[in-house]
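Student: Supplied in structure tokens, the structure appears directly below.
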Amino acid sequence: MDKAIEVRNLKRVYRRLREPPFVAVDNMNFDVYEGEIFGLLGPNGAGKTTVIKILSTLLYPTEGFVRVGGFDVYRDVESIRSIINLVTGGEVAGYGILTVKESLWMFSQFYGIETKEALRRIEKYLKIVDMWDSRDTFLNKLSTGMVQRINLVRGLITDPKILFLDEPTLGLDVEGGRIVREIIKTWIGEREGRTVLLTTHYMAEADELCDRIAIINRGKLVACDTPENLKASISQDKYFEITVPYSKDLREEFLTNINGKVSIRDFPENGESLISLSLGEDKEIANFITILTQRGLEIKTFRKVEPTLEDVFIKLVGRKFEDEEAR
Amino acid sequence: MKKHVELFVRTAIARGYVRVKGQFTRDVNWLIASVVGGFLTMATYVYLYRSIQAPEEFSAMVLIGGFMTPYWLNVLWSVAVQLYWEKEMGNLQIIILSPAPLSAFLLGLTIGGMFQSTIRAVIILLIGIFVFKVSLVIYNIWVVVVVFLISLCALYGVGMMFSSLFLFYGREMWRVASIAQEPVSIASGIYFPIKLFGRVAASVVSLIPLSLGLDALRQLLLKDYELYFLNWKVEVLILVVMWVVFTFIAIRLLNYVEQIAKREARLTLRWQ
Ligand SMILES: Nc1ncnc2c1ncn2[C@@H]1O[C@H](COP(=O)(O)OP(=O)(O)OP(=O)(O)O)[C@@H](O)[C@H]1O
Ligand SMILES: [Mg+2]
């Protein structure tokens with residue numbers, strides 16, 4: 001696969017007034033392949049925006065080597081700019097006196113797109129984001145969610161090879177966030193060779209949306225892999241949760257018969273017991289189910305528990321994500 | 001190359017469009033207020049000159065000054081400070097991020113600004129001619145138009161040059177501009193001939209293209225105008241040089257500002 005983005009030994013230092021310089025990105029290395037949705041996941045202040053600004057030619061790296069679409073961010077700025085676009089969640093841009101359509105047309109002109117073609121794309125994407133009916137609404141009359149969708153359309157109509165999204169669902173409600181994620185998936189699947197690099201501090205979003213994720217914390221890359229591999233990497237064990245009707249003598253019997261770790265929590269008030277299993281292999285579960293049924297215990301619920309990215313973060317950083325954010 | 005030119009033109013037109021549309025959607029009160037304001041200042045000077053029995057050509061001189069005033073205010077408040085506003089509005093990052101040159105964007109809003117000002121300037125001119133019964137002589141309309149356009153280009157060149165400085169220094173520069181507006185307006189001879197300043201001072205204020213432009217136009221539009229500083233042909237030549245130099249500096253400054261922005265993480269980021 002071709003590399004859409006190459007980051008080598010990237011470092012960015014901010015000089016500050018009356019304070020020591022601050023290293024926002026430190027010795028970072030990763031590649032993004034063509035066709036991927038790649039996520040930068042990290043708590044507030046991790047350095048996500050800094051990385052995305054460097055990749056989108058808005059900021060120079062202090063050290064290191066960065067290529068976007070095969071072009072060097074230092075020397076080939078113009079070549080990069082014509083094949084990328086960047087949309088920042090929560091941004092408000094444009095002019096209040098313009099309508100949605102006019103505003104999008106204006107931005108398309110900065111990419112030299114012929115007006116007829118621009119209008120065609122505007123119609124297409126406004127329909128996709130369900131905003132076509134608002135095409136003649138003035139920009140200053142839109143709600144936050146609408147603005148966010150318009151911003152996304154601004155990024156899509158220039159048909160970038162590489163699309164950068166900085167916190168694309170920031171401040172949106174559940175439904176708004178879902179719509180935005182759907183659009184991103186649709187867009188990337190629409191044509192080959194498109195790439196998305198997005199930042200987020202929502203674990204579930206990264207998990208659902210991204211082909212690969214780079215977890216970053218305090219300017220350092222902590223891990224980079226597919227969500228599945230990241231989750232698998234923290235533990236070889238398989239977790240299951242089973243609820244059965246409450247029965248007093250459950251405990252000992254199972255502890256002796258099972259190859260793995262078992263813990264049982266009783267909820268007599270509900271008449272239930274919750275069995276948590278940690279097994280070396282998936283197929284161990286078959287034995288366990290057999291034992292349960294032999295005892296005549298009805299299985300009320302059965303669930304395989306996957307580790308979350310949250311667990312991955314805790315394992316790698318040694319602290320909870322929110323604790324890092326509150327720092 | 002063709003692609004570059006096309007991109008430049010499209011960008012300039014798109015940004016110019018916002019200004020033109022703004023002119024027509026902005027409420028009429030605003031237009032009336034700014035025209036009335038310009039007219040009243042002009043009237044003050046006309047009556048002042050008439051009360052001291054100054055020659056009638058002084059009224060015509062004031063009229064030309066009044067006509068050019070909207071352009072000057074536009075240069076100061078809608079061109080020079082505009083990039084700073086664009087940054088505050090979050091548009092600067094988008095234009096820098098795009099393949100379009102920042103200079104095309106700036107040119108677009110400049111030309112749009114000229115258009116806005118022309119509406120006001122023409123209204124003021126017509127009211128002035130009508131109310132004060134001022135007579136202008138036009139020997140050759142095309143010479144007048146060309147000299148006028150060259151003056152405008154040089155004047156807006158100053159605005160474009162200053163836009164980078166405003167962007168860079170933000171609010172401090174703003175204060176400087178507010179303080180400078182009145183003295184500079186007066187010094188550039190909107191309401192009297194700069195010749196009265198004497199050679200040295202007149203040369204200094206000639207650095208403001210408005211001064212030379214006004215002086216040249218007065219020579220072309222007033223009968224037997226004696227109070228000119230330099231011959232209008234010389235002034236036009238100087239204005240052309242200013243136009244070229246200012247535009248060159250403006251473009252260099254824009255590039256420089258972008259470099260600094262990228263190195264020091266300033267300007268394109270809001271609230272910083
Ligand atoms: N211009 C600047 N000058 C000094 N420090 C800065 C500057 N911009 C960012 N920083 C600091 O660099 C660190 C990383 O910032 P960055 O915006 O890249 O983080 P982020 O991961 O995008 O965070 P968030 O989730 O809050 O958007 C932060 O501690 C921030 O305070
Ligand atoms: Mg950020």
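The values are calculated or read from the model by the stated rules, or taken from the named source; none is laboratory data. Only a predicted model underlies this, so the values are computations on that prediction, with no experimental measurement involved. Counting neighbours? That spans all protein chains shown, and the Cβs are built from the backbone with ideal geometry, glycine included. Calculation scope for accessible area: heavy atoms of the full protein, side chains included, ligands and nucleic acids excluded. Shrake-Rupley method; radii C 1.70, N 1.55, O 1.52, S 1.80 Å.
Student: Of the conditions (1) free of Cβ contacts under 8 Å to residues at least 60 places away in the same chain; (2) assigned to a helix (DSSP H, G or I); (3) more than 14 Å from chain A (Cβ to nearest Cβ); (4) surrounded by 13 or more Cβ atoms within 10 Å (Cβ to Cβ), B:Val234 fails just one. Which one is it?
Tutor: (4)
Student: Can you tell me which residue within segment A:8-48, out of those that are among the small types (Gly, Ala, Ser) and within 7 Å of ligand 1 (Cβ to nearest atom), is nearest to the chain's Cα centre (by Cα)?
Tutor: Per the criteria, the residue is A:Gly42.
Student: Of all residues being charged (D, E, K, R) and within 16 Å of ligand 2 (Cβ to nearest atom) in segment A:153-180, which is farthest from the other protein chains (Cβ to nearest Cβ)? Just the residue, please.
Tutor: If we take residues in segment A:153-180 being charged (D, E, K, R) and within 16 Å of ligand 2 (Cβ to nearest atom), then A:Glu167 is farthest from the other protein chains (Cβ to nearest Cβ).
This table checks each residue for (1) within 11 Å of chain B (Cβ to nearest Cβ); (2) farther than 30 Å from A:Lys11 by Cβ; (3) of a type in the set (Lys, Arg); (4) without any contact (Cβ under 8 Å) to a residue 12 or more places away in the chain.
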position	(1), (2), (3), (4)
A:Val68	no, no, no, no
A:Gly90	yes, no, no, no
A:Val129	no, yes, no, no
A:Ile150	no, yes, no, no
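Student: Looking at segment B:244-256, I want the residues that are open to solvent by 70 Å² or more (accessible area, probe 1.4 Å) and have a partner that is at pLDDT below 95 with Cβ atoms under 7 Å, at least 6 apart or on another chain. Which pairs are those?
Tutor: What qualifies is B:Ile251/B:Ser103.
Student: Ok, one more. Taking segment A:51-67 on its own, how many of its residues are surrounded by fewer than 23 Cβ atoms within 10 Å (Cβ to Cβ) and farther than 18 Å from A:Leu163 by Cβ?
Tutor: Going through segment A:51-67 one residue at a time, the tally reaches 5.
Student: Quick one: in segment A:115-145, of everything that is small (Gly, Ala, Ser) and surrounded by 15 or more Cβ atoms within 10 Å (Cβ to Cβ), which residue is farthest from B:Lys3 (Cα to Cα)?
Tutor: A:Gly145
Student: From A:Leu139, A:Leu156, A:Leu126, A:Leu165, grab the single residue that is of a type in the set (A, V, I, L, M), at pLDDT 90 or above and within 16 Å of ligand 1 (Cβ to nearest atom).
Tutor: On the way: A:Leu139 fails: within 16 Å of ligand 1 (Cβ to nearest atom); A:Leu156 fails: within 16 Å of ligand 1 (Cβ to nearest atom); A:Leu126 fails: within 16 Å of ligand 1 (Cβ to nearest atom).
Residue meeting the stated conditions: A:Leu165.
Student: State whether one or more residues within segment A:295-303 are crowded, with 16+ Cβ neighbours inside 10 Å and more than 12 Å from A:Ile242 (Cβ to Cβ). Show your work before the answer.
Tutor: First pass over segment A:295-303, keeping only residues crowded, with 16+ Cβ neighbours inside 10 Å: A:297.
Checking which are more than 12 Å from A:Ile242 (Cβ to Cβ) leaves us with none.
Taking every residue of segment A:295-303 in turn, none turns out to be crowded, with 16+ Cβ neighbours inside 10 Å and more than 12 Å from A:Ile242 (Cβ to Cβ).
Student: Within segment A:13-57, which residues are within 11 Å of chain B (Cβ to nearest Cβ) and among the basic types (Lys, Arg)?
Tutor: Correct list: A:Arg15, A:Arg16, A:Lys53.
Student: Open to solvent by less than 30 Å² (accessible area, probe 1.4 Å) and modelled with pLDDT under 85 - does that describe any residue in segment B:174-185?
Tutor: yes
Student: Please verify whether A:Ala204 is in contact with a strand residue (DSSP E or B) (Cβ under 7 Å, 6 or more places away or on another chain) and aliphatic (A, V, I, L, M), treating the condition exactly as stated.
Tutor: Considered against the rule, which asks whether it is in contact with a strand residue (DSSP E or B) (Cβ under 7 Å, 6 or more places away or on another chain) and aliphatic (A, V, I, L, M), A:Ala204 comes out as no.
Student: Every residue in segment B:22-38 that is free of Cβ contacts under 8 Å to residues at least 12 places away in the same chain and either at the interface with chain A (Cβ under 7 Å from one of its Cβ atoms) or exposed (fewer than 15 other Cβ atoms within 10 Å of the Cβ) (or both), please.
Tutor: B:Phe24, B:Thr25, B:Arg26, B:Asp27, B:Val28, B:Asn29, B:Trp30, B:Ile32, B:Ala33, B:Val36
Student: Checking the structure you have, find out if any residue of segment B:8-21 is away from chain A (no Cβ under 14 Å), without any contact (Cβ under 8 Å) to a residue 40 or more places away in the chain, in a helix (DSSP H, G or I) and more than 27 Å from B:Gly213 (Cβ to Cβ).
Tutor: So far as segment B:8-21 goes, no, none of its residues is away from chain A (no Cβ under 14 Å), without any contact (Cβ under 8 Å) to a residue 40 or more places away in the chain, in a helix (DSSP H, G or I) and more than 27 Å from B:Gly213 (Cβ to Cβ).
Student: A further question on this structure: Taking the options A:Gly70, A:Gly112, A:Gly94, A:Gly89, name whichever one is in the same structural domain as A:Gln148 (by TED's automatic domain parsing), within 16 Å of ligand 1 (Cβ to nearest atom) and either at pLDDT below 95 or open to solvent by less than 60 Å² (accessible area, probe 1.4 Å) (or both). Spell out how you get there, then give the answer.
Tutor: Numbers: A:Gly70 fails: within 16 Å of ligand 1 (Cβ to nearest atom); A:Gly112 fails: within 16 Å of ligand 1 (Cβ to nearest atom); A:Gly94 fails: within 16 Å of ligand 1 (Cβ to nearest atom).
From the options A:Gly70, A:Gly112, A:Gly94, A:Gly89, the qualifying one is A:Gly89.
Student: Pick out, from segment A:260-305, the strands (runs of 3 or more DSSP E) lying fully within it that include 1 or more residues that are closer than 26 Å to A:Ser235 by Cα and basic (Lys, Arg).
Tutor: A:260-267, A:301-305
Student: Another question, then. Please state which one of A:Phe110, A:Phe138, A:Phe71 is of a type outside the set (Val, Ile, Thr) and under 19 Å from B:Thr11 (Cβ atoms).
Tutor: Going through A:Phe110, A:Phe138, A:Phe71 in turn, the sole match is A:Phe110.
Student: Further question on the same structure: Identify, by number, the condition in (1) over 27 Å from A:Gln109 (Cβ atoms); (2) open to solvent by less than 30 Å² (accessible area, probe 1.4 Å) that B:Glu57 doesn't meet.
Tutor: Failing condition for B:Glu57: (2).
Student: Check off (1) modelled with pLDDT under 80; (2) closer than 24 Å to A:Leu309 by Cα; (3) open to solvent by 60 Å² or more (accessible area, probe 1.4 Å) for A:Glu252 and give me the number that stays unchecked.
Tutor: Failed condition: (2).
Yes/no matrix, rows are residues, columns are (1) at pLDDT 90 or above; (2) more than 13 Å from chain A (Cβ to nearest Cβ):
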{"residue": "B:Met68", "(1), (2)": "yes, yes"}
{"residue": "B:Glu88", "(1), (2)": "no, no"}
{"residue": "B:Ile96", "(1), (2)": "yes, no"}
{"residue": "B:Pro99", "(1), (2)": "yes, no"}
{"residue": "B:Gly108", "(1), (2)": "yes, no"}
{"residue": "B:Met114", "(1), (2)": "yes, yes"}
{"residue": "B:Val122", "(1), (2)": "yes, yes"}
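Student: Shifting gears a bit: Which ones in segment B:87-100 are crowded, with 22+ Cβ neighbours inside 10 Å and over 18 Å from A:Trp105 (Cβ atoms)?
Tutor: Within segment B:87-100, B:Lys87, B:Leu92, B:Gln93, B:Ile96 meet the criteria.
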